[in-house]
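The values are calculated or read from the model by the stated rules, or taken from the named source; none is laboratory data. Note that the structure is predicted; figures quoted are calculated from it, not measured. Positions of Cβ are generated from backbone atoms using ideal geometry, with glycine treated the same way; all protein chains shown enter the neighbour counts. SASA here: full protein model, heavy atoms, side chains in, ligands and nucleic acids out. Shrake-Rupley method; radii C 1.70, N 1.55, O 1.52, S 1.80 Å.
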Amino acid sequence: GDSVTQTEGLVTVTEGLPVKLNCTYQTTYLTIAFFWYVQYLNEAPQVLLRSSTDNKRTEHQGFHATLHKSSSSFHLQKSSAQLSDSALYYCALSMPNYNVLYFGSGTKLTVEP
Amino acid sequence: EAAVTQSPRNKVAVTGGKVTLSCNQTNNHNNMYWYRQDTGHGLRLIHYSYGAGSTEKGDIPDGYKASRPSQENFSLILELATPSQTSVYFCASGEGLGGHEQYFGPGTRLTVL
């Protein structure tokens, strides 16, 4: 079946260093859309990035991700982590003709001074 | 401003009691969703709706009912609450078919004693 995998439950990084959160997926659909949601402490999840184009880099708030259908991945990266980036990050998959999102289990990012 | 609101924000219930969680959206979206969030499981879909009068089962519907009396309102009902239903519940709204993001409410923290 269709699924999204986030392998790291917890990621800790030092402020100013790069960070990468992994997301892979499994689906039989060729046309898909991907989202990264971010959830700050005691807040609601909100969209950080969206992409549906293969091999095209998408950027927002210093984060970037590229959908790679050849490797079934949509990893989230940032070149220099900030303390304010500490949050819970979800990867989510959307298929055509469906109204639901398939969420990964989430990665908690902690940025330390 | 378009928004998704939830009530109550916090609820303590007793085992075997009935609990109703309410959600209201002013986004004029056709689709609404109920998720629960638990550490290690991420966001899991309980029920969703395509419009007034419709409800569909998500991934974990057992023990929950849903009601969509109008475009704006979507309720989640726990007829016989159990301690395993202690969680944070999020409502979301979204429009159209695949590829569209969902907008989340602030969440309801439910504790079943």
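Summary of computed values
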quantity: Backbone HN-Hα couplings from phi across region A:78-91 [Karplus 6.51/-1.76/1.60, Hz, Gly and Pro as x]; calculated: 8, 6, 9, 6, 10, 4, 6, 7, 4, 5, 9, 10, 10, 9
quantity: Relative contact order (%) - chain B, alpha-carbon pairs under 8 angstrom, separation at least six; calculated: 35
quantity: Shielding by partners, peptide B:37-50 (average Cβ within 10 angstrom, other chains); calculated: 4
quantity: 12 Å beta-carbon shell around B:LEU78, net charge (K/R +1, D/E -1); calculated: +2
quantity: Descending Cα extents along the principal axes, the protein assembly as shown, whole Å; calculated: 49, 40, 36
quantity: Pairwise label distance in nanometres, A:SER79 with B:THR5, each label 7 Å out on the Cα-Cβ vector; calculated: 4.3
quantity: Size of the B/A contact, given as accessible area buried on both chains, probe 1.4 Å, in Å²; calculated: 1600
quantity: Per-residue mean of C-beta atoms belonging to partner chains within 10 Å, peptide A:99-111; calculated: 5
quantity: Shielding by partners, peptide A:10-21 (average Cβ within 10 angstrom, other chains); calculated: 0
quantity: Theoretical FRET efficiency, 1/(1+(r/R0)^6), r = Cβ-Cβ of B:ASN28 and A:TYR40, R0 35 Å, to 0.05; calculated: 0.85
quantity: Chain A - accessible surface per residue (Å², probe 1.4 Å); calculated: 48
quantity: Whole-Hz couplings from phi, Karplus 6.51/-1.76/1.60, listed for region B:4-19; x for Gly and Pro; calculated: 10, 10, 10, 8, x, 7, 9, 8, 10, 10, 9, 4, x, x, 9, 10
quantity: Chain A: most fluctuating residue of A:GLN26, A:GLN39, A:GLN61 per GNM, C-alpha cutoff 10 Å; calculated: A:GLN61
quantity: Mean-position separation - Cα centroids, region B:24-89 and region A:62-113, in angstrom; calculated: 24
quantity: DSSP-loop trypsin sites (Lys or Arg not before Pro) across region A:1-64, with at most 14 other Cβ within 10 angstrom; calculated: A:LYS56
quantity: Heavy-atom surface of chain B, accessible at 1.4 Å and reported per residue (Å²); calculated: 46
quantity: Dipole moment magnitude, nearest 20 debye, the protein assembly as shown about Cα centre, only Lys, Arg, Asp, Glu C-beta charged; calculated: 220
quantity: Whichever lysines have a C-alpha closer than 19 Å to that of A:LYS78, once near sequence neighbours (fewer than 8 apart) are set aside; calculated: A:LYS20, A:LYS56, A:LYS108
quantity: Segment A:ARG57-A:LEU17, length gained on full extension (0.36 nm per residue, minus Cα span); calculated: 12.4 nm
quantity: Proximal charge balance of A:GLN39 [Cβ under 13 Å; K/R count +1, D/E count -1]; calculated: -1
quantity: Solvent-accessible area, 1.4 Å probe, carbon plus sulfur percent, for region A:3-112; calculated: 48
